[in-house]
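Engineer: Below is a structure I'd like to ask you about.
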Amino acid sequence: LSPAQLFGLTNDGLVTLNHVAGPAGTRLVPDLALALPEPTADGRTYTFRLRPGIRFSTGALVRPSDVTHSFERVFQLGGAGTPYYQAVSGAAACRKAPAACDLSRGIVADDSAGTVTFHLTRPDPDFLPKLAMAFADVLPTTVPGHVSHAPLPATGPYLISRFIPGRELLMVRNPRFREWSAAAQPAGYPDRILIRLGLSEGRAAVAVADGHNDFLPSIGQFPSGAAYVRHYRSQLRINPELTTAFLFLNVNAPPFTDRRVRQAVNLALDRSRVVTGWGGRLAAQPACQILPPGLAGYRRYCPWTRDPAADGSWHAPDLPRARRLVAASGTA
């Protein structure tokens, strides 16, 4: 689980990803909304009808006006979430004056009808997937437009019971939660999830293995990940994450101004060593493209491998071909 996925246990957006393992987990499903809408007005308008009767952990009903407020709060807070919703009408003004953000014309809420309509200034083919991000999770209008130091009201199966910055986060069952969609927001298994913060990688792994901690972030992010997989495989549930790790090459500086040099790097890169560094085959797999498997538009192919095969997989570095390209470029 990533921090965003943890937040998904406590809060919901209009849409989310299917809560199953494997490639099917990349499919969009309605969450607080009853259905995925078809865009109208040449792809610039999306109308959602909210599920009736869903309540926050405070007891308040989830209303369309909460959706408008939640997106205004994204701009009031600033940070990483704002670029994803630039197509929403009024977003440009909100970026210039976050404190006075008003999206009432771009996100029209009708509390009596139970609908919320997004008006975009231009078509955005990725708009629905962007609504599945944690930035788009819905909070009540009572939550202020600044960083909260108290636990936020929840709609999901858990709520934050205790938070000690840098030390501990405790999530317990949300008594108001009733499962409305197993695909979107299934009921949780444990009654509480304790996350001890600020632990070193080794201490965190030992704490989970000994039952003193319920959470460990992606095992591929630290060197002991592969060992943890070997010793504590029965305690791990591994799900795919739509993330691709890649290198930037500065195409404006020699030698990478030459396309042949960039191709040579691709051919010489030992992707199996990279995978080992991420924790092994259970934590990562070799790739030759930006799109990860399961994402719309993905097609398996790999021209940057020794003995390219029909299955499109990476097999091994091709150093002879890489050296010939470097020699031809005159940049050795």
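The values are calculated or read from the model by the stated rules, or taken from the named source; none is laboratory data. Just so you know, these numbers come straight off a predicted model, no measurement behind them. Cβ atoms come from the backbone with ideal geometry, glycine included; neighbour counts cover every protein chain shown. All accessible areas refer to the heavy atoms of the entire protein, side chains included, with ligands and DNA or RNA removed. Shrake-Rupley method; radii C 1.70, N 1.55, O 1.52, S 1.80 Å.
Engineer: Pairs please, first residue from the stretch 134-145 and among the aromatic types (F, W, Y), second anywhere and modelled with pLDDT under 95, Cβ atoms under 6 Å, 6+ apart in sequence or on different chains.
Structural biologist: F135/G81
Residue-wise test of (1) of a type in the set (V, I, T); (2) under 23 Å from the mean Cα position of the chain (by Cα); (3) over 14 Å from T10 (Cα atoms).
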| position | (1), (2), (3) |
| --- | --- |
| D124 | no, yes, yes |
| K130 | no, yes, yes |
| D137 | no, yes, no |
| G156 | no, yes, no |
| P175 | no, no, no |
| A183 | no, yes, yes |
| D191 | no, no, no |
| G198 | no, yes, yes |
| G202 | no, no, yes |
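Residue-wise test of (1) open to solvent by less than 60 Å² (accessible area, probe 1.4 Å); (2) of a type in the set (A, V, I, L, M); (3) under 30 Å from N174 (Cβ atoms).
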residue	(1), (2), (3)
S65	yes, no, yes
A100	no, yes, no
P125	no, no, no
L139	yes, yes, yes
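Engineer: For the stretch 141-162, how many residues meet the condition of being in contact with a helix residue (DSSP H, G or I) (Cβ under 6 Å, 6 or more places away or on another chain) and within 18 Å of G81 (Cα to Cα)?
Structural biologist: Going through the stretch 141-162 one residue at a time, the tally reaches 1.
Engineer: When A284 is evaluated against the numbered criteria (1) closer than 23 Å to R323 by Cβ; (2) open to solvent by less than 40 Å² (accessible area, probe 1.4 Å); (3) touching a Phe, Trp or Tyr at 6+ places or on another chain (Cβ under 7 Å), which criterion, by number, is the only one it fails?
Structural biologist: (1)
Engineer: Taking into account only those residues within the stretch 170-194 that are free of Cβ contacts under 8 Å to residues at least 40 places away in the same chain and part of a strand (DSSP E or B), which is most open to solvent (accessible area, probe 1.4 Å)?
Structural biologist: R192
Engineer: Another question about this same structure. In the stretch 1-24, is there at least one residue being touching an Asp or Glu at 6+ places or on another chain (Cβ under 9 Å), within 22 Å of W180 (Cβ to Cβ), of a type in the set (G, A, S) and in contact (Cβ under 8 Å) with a residue 12 or more places away in the chain?
Structural biologist: Looking for residues that are touching an Asp or Glu at 6+ places or on another chain (Cβ under 9 Å), within 22 Å of W180 (Cβ to Cβ), of a type in the set (G, A, S) and in contact (Cβ under 8 Å) with a residue 12 or more places away in the chain, one finds at least one in the stretch 1-24, hence yes.
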